[in-house]
Amino acid sequence: MDRAYGSRDTELRCRGDANPPPQYRWVRQSAAGAVTLGHEAALRLGELRYEDQGEYYCEVTNQIASSRWCSNFSYYLPPF
């Protein structure tokens, strides 16, 4: 589990080293279903809010293979 404190900008990175070059897909899983957030190797979430917590995953694919990396975020207020 990854943790984000307060509302810092957060960036998730996914790496695929393949030939032919891979394609990326960032997805957030929510109660409403899967939502595609981007198609780059990095996903910038910007200022995090409580509503942003949940499961995020990156799919890396090419014509030969595919892989998935998952991360669960929980949101915590900064310590006082």
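The values are calculated or read from the model by the stated rules, or taken from the named source; none is laboratory data. Just so we're clear, the structure is a prediction, and the values are computed from it rather than from any experiment. All Cβ positions, glycine included, derive from the backbone under ideal geometry; neighbour counts span all protein chains shown. Ligands, DNA and RNA are excluded from the accessible area calculation, which covers all protein heavy atoms including side chains. Shrake-Rupley method; radii C 1.70, N 1.55, O 1.52, S 1.80 Å.
Here are the numbers for the structure shown:
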{"item": "Residue, farthest from the chain's Cα centre (by Cα), within segment 70-80, restricted to residues that are farther than 12 Å from L12 by Cβ and open to solvent by less than 70 Å² (accessible area, probe 1.4 Å)", "result": "P78"}
{"item": "Hits in segment 19-30 (condition: touching a strand residue (DSSP E or B) at 6+ places or on another chain (Cβ under 9 Å) and not hydroxyl-bearing (S, T, Y))", "result": "P22, Q23, R25, W26, V27, R28, Q29"}
{"item": "Hits in segment 1-15 (condition: open to solvent by less than 40 Å² (accessible area, probe 1.4 Å) and at pLDDT below 85)", "result": "A4, G6, T10"}
{"item": "Count - residues of segment 23-64 that are modelled with pLDDT of 85 or more, among the acidic types (D, E) and outside any strand (DSSP E or B)", "result": "1"}
{"item": "Among (1) within 19 Å of R15 (Cβ to Cβ); (2) outside any strand (DSSP E or B) - the single one S67 does not satisfy", "result": "(2)"}
